[in-house]
Amino acid sequence: MNDLADASGMAKPGLYAAFGDKEALFEKALLHYFETYGGPVFAQLKLARKNVVEDFRDFLGAIADLTLDKNTPAGCFLVNALVDCTYGPERHREVVTGLRESRYSAIRERLLKAADAGELRDDADIDRVATFLDGQFSAIALLGRSGCKEADLKTFVETGLQALPVRDDLDGFSEPERNAPILRQ
């Protein structure tokens, strides 16, 4: 709170009056972050304007871009909170878990649209694929925060996309991309 008071120029009583206690301030900051940075990314995913491969390439690529952007916070506040709140107050865990479930639901919803459009193989397990892509999201945020290079993140995204259970005739991969060796940049 001392750091926040110094950075904002507000005295602690003013901060508490404006935001409540530390837990309320944390929750408001996390929700603001999720809406500010995640909102536009998830809005694009929900539009389902392209095929499933291209939409998830754009989605994961946007996460990578945000992670690497020097004008945005280092890493993903939600991913960091998922790690940090494991032993924190129950209310924090509830908020963080709710946001993680919201993220998972948006990913799953896009996959269901792809299944309805016939873009996925008949044997596709939507929940497993959604869990995998949700994990890709978190991994990108952690890799970006740890200083991973842009080229390596793009390789990571493309490698993950190759795991999508898409029909063989779906556009989204060129043959060289599908069979290209994965090299660290």
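The values are calculated or read from the model by the stated rules, or taken from the named source; none is laboratory data. Treat the numbers as computed from the prediction; the structure is a model and nothing was measured. Note that we place each Cβ from the backbone using ideal geometry, even for glycine, and neighbour counts take in every protein chain shown. To get the accessible areas, we keep the full protein, side chains included, count just its heavy atoms, and leave off ligands, DNA and RNA. Shrake-Rupley method; radii C 1.70, N 1.55, O 1.52, S 1.80 Å.
At-a-glance table
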| quantity | calculated |
| --- | --- |
| Rounded percent of accessible protein surface that carbon and sulfur make up, the chain, 1.4 Å probe | 53 percent |
| Pairwise Cα inverse-distance average, inverted: Kirkwood Rh of region 19-70 (Å) | 12.5 Å |
| Rounded accessible area per residue of the chain, 1.4 Å, Å² | 57 Å² |
| Cα long-axis angle, helix 22-33 against the chain (0 to 90 degrees, to the nearest 10) | 40 degrees |
| Anchor LYS12: aspartates and glutamates whose Cα lies under 12 Å away (excluding residues fewer than 8 positions away in-chain) | ASP3, ASP21 |
| Karplus (6.51, -1.76, 1.60) ³J(HN,Hα), θ = phi - 60°, over region 140-145, in Hz, Gly and Pro reported as x | 4, 4, 5, 5, x, 5 |
| log10 of Debye I(q)/I(0), alpha-carbon scatterers only, for the chain at 0.12 Å⁻¹ | -0.64 |
| Sequence-distant residues sharing a close amide H with VAL166 (under 5 Å, placed H) | ARG121 |
| Compactness index (Cα Rg / 2.2 N^0.38 Å), region 23-133 | 1.15 |
| ³J(HN,Hα), Karplus 6.51/-1.76/1.60, whole Hz, each residue of region 55-64, x for Gly, Pro | 5, 6, 4, 5, 4, 5, x, 5, 5, 4 |
| Whichever lysines have a C-alpha closer than 26 Å to that of LYS46, once near sequence neighbours (fewer than 8 apart) are set aside | LYS28, LYS113, LYS154 |
| The chain: angle of helix 90-116 to the longest principal axis, Cα-based, in degrees nearest 10 | 20 degrees |
| Top positive-direction residue, dipole computed over the chain with Cβ charges, set GLY160, GLY135, ALA17 | ALA17 |
| FRET efficiency for ARG145 and ASP6, using Cβ-Cβ distance with R0 set to 30 Å, rounded to 0.05 | 0.80 |
| Assigned charges on the beta-carbon of Lys, Arg, Asp, Glu; region 128-173 dipole about Cα centre (debye) | 240 debye |
